[in-house]
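What follows is a set of notes on a single structure, which appears directly below.
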Amino acid sequence: MISTATTIGQFHFDNCLMNAAGVHCMTRTELEEVRNSAAGAFVTKTGTYESRNGNPEPRYYDTILGSINSMGLPNHGYQYYLDFVIKEQKNNSKNTILSIVGPSSDETHHILKAIQDSDYQGLVELNLSCPNVPGKPQIAYDFETTESLLKSIFTYYKKPLGIKLPPYFDIVHFDQAAAIFNRFPIAFVNCVNSIGNGLVIEDESVVIKPKNGFGGIGGDYIKPTALANVHAFYQRLNKSITIIGTGGVKNGRDAFEHILCGASMVQIGTALQQEGVSIFDKITDELKEIMTEKGYQTLEDFRGKLHYIKD
Ligand code: DHB
């Protein structure tokens, strides 16, 4: 029997595919649809301390090669998503990931303390990489702020915590970021969020309204960057830190490549937005077909085993 089951720390998932935060996860109805699909888990829309309406529309746009968005963190507030995942946990549902960010650091601490004191025992993803809030830089591009934030969080936060990262583009940045993350008991890193602040033009106009058209890029455009980030962190991080691969996954081959680079779980963003939750069945079948052709029974048979070209 070929299996696409996987684990993050002590958490087991029957399938390694799930949604990426921000896609099909804003409301309880959407979350239930992902839970009821072939996905092995779901992650909630990044929840902030207060609910937010987000940026003006149009704020998401599909292109042939992917998507651009500047949503601006619309969400129902972290409590809505925390209540939902606690209820799911009581119903013995699939494992869940609760995505959160302040957006200010005071608010991030407030949220994490509330989760620490709650009944929720599942995974939390701290989003260090939202590119779309005007006036707020991405936390993870500021290594000093990232380190001091993690340092204070882990003084009181004792439940399993992962981080969502933006793409990095320089080997020195991979080295510096990994050195910081290796100092903390992080459960997982999720590589990558959208490539921040791209610009898509149709005729003579931008296609989304916020920030005069600038927005996060997802889909085919970002797969090579995503794979590089997954593999760079796979090479550098302590083995206790699991890697989630996100970026440019729309078929079984894309998921296979993320796992080959070192991902234990693979998230689907733009393609899920474009095709709906039936995509989890499609990609699972395609991944299993590739594993059959290659004689692999489990993800461990090929995870991280990317071949290099030697002399
Ligand atoms: C939003 C976009 C992101 O890439 C993210 O990580 C969080 C929020 C947004 O614009 O809503």
Practice task
Look at GLU57 and say whether it is of a type outside the set (A, V, I, L, M) and either within 11 Å of the ligand (Cβ to nearest atom) or touching a residue at least 40 places away in the same chain (Cβ under 8 Å) (or both).
Solution key: yes
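When you look at SER51, is it within 13 Å of the ligand (Cβ to nearest atom), hydroxyl-bearing (Ser, Thr, Tyr) and free of Cβ contacts under 8 Å to residues at least 40 places away in the same chain, yes or no? Reasoning before the result, please.
Values: within 13 Å of the ligand (Cβ to nearest atom): yes; hydroxyl-bearing (Ser, Thr, Tyr): yes; free of Cβ contacts under 8 Å to residues at least 40 places away in the same chain: yes.
Yes, satisfied.
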Exercise for the section: Confirm whether LYS113 is closer than 16 Å to PHE11 by Cα, of a type outside the set (S, T, N, Q) and more than 18 Å from the chain's Cα centre (by Cα). Expected result: no
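Within region 109-130, count every residue that is within 16 Å of the ligand (Cβ to nearest atom), touching a helix residue (DSSP H, G or I) at 6+ places or on another chain (Cβ under 9 Å) and not in a helix (DSSP H, G or I).
From region 109-130, those within 16 Å of the ligand (Cβ to nearest atom) are 111, 124-130; that's our starting set.
Add one more test, that the residue is touching a helix residue (DSSP H, G or I) at 6+ places or on another chain (Cβ under 9 Å), and what stays is 111, 124, 126-130.
This time we only want the ones that are not in a helix (DSSP H, G or I), so: 124, 126-130.
Matching residues across region 109-130 total 6.
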Handout entry: Checklist (1) more than 11 Å from the ligand (Cβ to nearest atom); (2) surrounded by fewer than 24 Cβ atoms within 10 Å (Cβ to Cβ); (3) within 22 Å of LEU126 (Cβ to Cβ) applied to PHE42, failing item
Key = (2)
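Can you go through ASN212, ASN193 and tell me which one is buried (at least 19 other Cβ atoms within 10 Å of the Cβ), touching a Leu at 6+ places or on another chain (Cβ under 9 Å) and not basic (Lys, Arg)?
Numbers: ASN212 fails: buried (at least 19 other Cβ atoms within 10 Å of the Cβ).
Among ASN212, ASN193, only ASN193 is buried (at least 19 other Cβ atoms within 10 Å of the Cβ), touching a Leu at 6+ places or on another chain (Cβ under 9 Å) and not basic (Lys, Arg).
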Exercise for the section: Hey, could you check region 87-108 for residues that are surrounded by fewer than 18 Cβ atoms within 10 Å (Cβ to Cβ) and outside any loop (DSSP other than H, G, I, E, B) and say which is nearest to the ligand (Cβ to nearest atom)? Expected result: GLU107
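When residues of region 109-139 are filtered for being of a type in the set (D, E, K, R) and surrounded by fewer than 14 Cβ atoms within 10 Å (Cβ to Cβ), how many remain?
Residues in region 109-139 being of a type in the set (D, E, K, R) and surrounded by fewer than 14 Cβ atoms within 10 Å (Cβ to Cβ): 3 in total.
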Exercise for the section: Enumerate the pairs (first residue in region 1-25 and more than 30 Å from GLY215 (Cα to Cα) and at pLDDT 95 or above; second residue anywhere and among the β-branched types (Val, Ile, Thr) and assigned to a strand (DSSP E or B)) with beta-carbon separation below 6 Å, excluding pairs fewer than 6 apart on the same chain, so at least 6 apart or on different chains. Expected result: ILE8/THR242; PHE13/THR6
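How many residues, within region 150-183, are in contact with a Leu (Cβ under 9 Å, 6 or more places away or on another chain), part of a loop (DSSP other than H, G, I, E, B) and under 14 Å from ALA228 (Cβ atoms)?
Narrowing region 150-183 to residues in contact with a Leu (Cβ under 9 Å, 6 or more places away or on another chain): 150, 153-154, 156-157, 159-166, 177-178, 180-183.
Then keep just the ones that are part of a loop (DSSP other than H, G, I, E, B); that gives 157, 159-160, 166, 182-183.
Next cut, under 14 Å from ALA228 (Cβ atoms) only: 166.
Residues in region 150-183 being in contact with a Leu (Cβ under 9 Å, 6 or more places away or on another chain), part of a loop (DSSP other than H, G, I, E, B) and under 14 Å from ALA228 (Cβ atoms): 1 in total.
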Exercise for the section: Run ILE222 past the list (1) out of contact with any Pro (no Cβ under 8 Å at 6 or more places or on another chain); (2) within 20 Å of LEU128 (Cβ to Cβ); (3) β-branched (Val, Ile, Thr) and report the number of the one that doesn't hold. Expected result: (1)
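So is VAL43 among the β-branched types (Val, Ile, Thr) and over 16 Å from the mean Cα position of the chain (by Cα) or not?
Working: among the β-branched types (Val, Ile, Thr): yes; over 16 Å from the mean Cα position of the chain (by Cα): no.
Judged against the criteria, VAL43 is not a match.
The values are calculated or read from the model by the stated rules, or taken from the named source; none is laboratory data. Here the structure is a predicted model, which means the values were calculated and not measured. As a convention, Cβ positions derive from the backbone with ideal geometry for all residues, glycine included, and neighbour counts pool all protein chains shown.
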